[in-house]
Structure formats: C-alpha cells, structure tokens
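The values are calculated or read from the model by the stated rules, or taken from the named source; none is laboratory data. Since we're looking at a predicted model, the values are computed, not measured. Positions of Cβ are backbone-derived with ideal geometry, glycine not excepted, and every protein chain shown enters the neighbour counts. For the accessible areas, the whole protein counts, side chains as well, though only heavy atoms, and no ligand, DNA or RNA atoms are used. Shrake-Rupley method; radii C 1.70, N 1.55, O 1.52, S 1.80 Å.
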Amino acid sequence: KVATNYRFNESFAVRGSWSTGFRAPTPGQSNASNVTTQFDTAIGELVNQGTIPPTNPVAQLRGGEALEPEESQNYSVGAIFEMGSFSLTADYYIIEVDDRIAVSQDFELTPEEVEALVESGVTRAANLQSFRFFTNDFDTETKGIDVVATYDAELFGGSSSLSLAFNNNKTEVTRFNPDTLNASRIRQLEEGLPENRWSLTGTQTWGPLRVLGRVSQYDGWYDNDDGYYYDGGDFVFDAEVAYTVRDALTFVLGAQNIFDEFPEENP
C-alpha cells in the first residue's frame with residue numbers, strides 16, 4: 001500500500017492511496033456440502049437446492065474447479081475541508097477485483113448426476129432439484145464516492161452535532177464465464193446493493209442526557225432469489241435517548257425504523 005496526504009493550509013488538504021490485496025477461499029467455499037429449501041419462482045414451489053464443492057465430479061461437469069485467491073487493486077483520491085466547527089471529506093475510489101469468488105448459477109440435476117452425488121457422499125442428493133458451487137469465474141470493477149459532512153455547535157443550552165453521510169457505489173462485471181454465471185447472477189452482482197445511500201444524524205446533549213435522531217434513505221436493489229427488483233426511496237427514521245449515570249454506566253433506549261417502513265412486497 002502507498003498513501004499520501006498533503007495539507008495546503010489549516011483548512012484544506014488532499015489525500016490519495018493505491019494498494020493491492022488478496023482473499024483466499026474459505027474451507028467452506030472449497031469443501032463444504034449443504035442442502036437448503038428455497039422457493040422456486042419458476043414453478044411456485046419449495047425445492048431442495050444443494051451447494052457442493054467445486055471439485056466434486058458433478059460440479060466439474062458444469063465448469064467447477066479448485067478455487068484460487070481473489071486479487072484486487074484499490075485506488076482512492078480525496079479532499080478534506082475544515083473551517084471552525086464544520087468539516088467536509090470527499091473520497092472517490094475504484095476497486096478492481098480479479099477472480100472473484102461467488103456461487104454459480106443454479107444447475108438442474110439429471111438422474112445420472114443425482115446418482116453420482118450420492119456415491120460421492122452427498123447423501124441427500126436424491127431429494128435435490130438443483131445445485132450450485134463456488135467459482136472464480138468473473139472480475140468486477142467498483143467505483144464510488146463517499147462524502148461526510150459534520151457540524152458541531154453550542155445550541156439549545158447544550159452541545160449539538162449534525163452529521164450527513166452520502167455514498168454512491170456502482171459495480172460492473174467486466175469479465176465472466178457464461179457457462180457458470182447466467183444473466184440473473186450477473187444482475188445480482190451489479191444491482192444487489194443500492195447505488196445511492198445517505199443518512200442525516202443529529203445529536204443533542206445536555207450534561208448526562210443525550211438525544212439522537214437519524215433519517216436515512218437508499219435506492220432500490222435486485223434480489224436474485226426472488227427474481228424481482230425492489231424500489232427504494234422510503235425514509236427510515238431511528239431515535240435514541242441515553243442517560244449517563246457515571247463514567248462506567250449509561251442507560252440507552254432507542255428504536256430503529258420507528259415508523260415501520262418496509263420495501264414493497266414481491267407480487
């Protein structure tokens with residue numbers, strides 16, 4: 001990793017970094033077998049789905065092979081602005097990941113494959129309708145920006161703090177193997193998280209008493225298991241009250257999503 005920070009004056013500074021990284025596959029991703037019961041949107045019924053090791057002979061028939069580490073390169077550049085009780089940071093980043101690890105698309109089992117899985121030790125394969133496995137078959141590039149603004153002041157007879165956080169984040173699959181990842185899995189990788197998210201948090205303190213309020217909002221996302229895109233846009237409110245009895249003891253009462261905002265239902 002190489003990082004630098006240059007301050008022009010007391011109010012303004014810039015920073016940047018470049019780094020490489022890797023993540024080895026876990027023993028579970030490489031070796032574990034498990035069976036889950038999931039809802040199949042195509043037939044409208046519950047089905048048994050198996051995740052098998054990528055080195056299993058049945059997985060190898062569909063492109064499975066021993067997993068390798070992911071490798072990444074990360075770039076970021078940002079700026080810091082401070083003036084009195086106000087501060088603002090903004091950072092732009094790019095994350096390139098090669099040979100990413102994720103589960104493949106779902107494959108339908110043939111009677112011959114069911115028999116081979118049972119012989120290989122997957123004893124519940126006789127009840128399986130489909131299977132998948134972990135694979136290294138794609139690369140991604142993620143670009144985004146983080147902005148955080150804070151303001152502290154003495155207001156309303158106590159200490160006040162206001163914080164705004166914003167994130168824009170977009171992932172693109174730059175390479176993939178169509179034999180193991182279908183269009184739905186690609187869409188999940190690119191749209192499975194909201195592209196924009198922000199939150200505004202206010203805190204007011206009077207001696208031992210602290211009151212906090214937060215409002216947040218995020219974009220929609222795609223759910224591969226449901227095959228449905230959920231619209232975001234709802235405002236979610238959190239609230240909290242805390243009272244400090246002494247340095248080692250504070251009582252806190254709070255609630256998240258106090259107005260019970262939920263995404264639309266899958267039709």
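Summary of values
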| quantity | calculated |
| --- | --- |
| Loop-located trypsin sites (Lys or Arg not before Pro) in region 158-251, at most 14 other Cβ atoms within 10 Å (DSSP) | none |
| Dipole of region 31-167, positive end: most advanced residue of Phe134, Ala116, Thr36 [Cβ charges, Cα centre] | Thr36 |
| Per DSSP, loop chymotrypsin sites (Phe, Trp or Tyr not before Pro) in region 215-267 with at most 16 further Cβ within 10 Å | Phe235, Phe259 |
| Convex hull projection area averaged over all views, region 1-123, Cα basis, nm² | 12.2 |
| Kirkwood Rh, Cα atoms: Rg over Rh of region 1-62 | 1.41 |
| Gyration tensor over alpha-carbon atoms, the chain, equivalent ellipsoid semi-axes in Å | 45, 25, 17 |
| Dimensions in Å of region 68-193 - Rg and Dmax from alpha carbons | 23.5, 76 |
| Heavy-atom accessible surface of region 211-254: percent carbon and sulfur, 1.4 Å | 53 |
| Carbon and sulfur %, accessible surface of region 29-123 computed with the full protein complex present, 1.4 Å | 53 |
| Loop-located trypsin sites (Lys or Arg not before Pro) in region 1-96 whose Cβ has at most 12 other Cβ within 10 Å (DSSP) | Lys1 |
| Unit charges on C-beta of K, R, D, E only; dipole of the chain, Debye | 1080 |
| Probe 1.4 Å, protein heavy atoms only - accessible area per residue of region 66-217 in square angstrom | 53 |
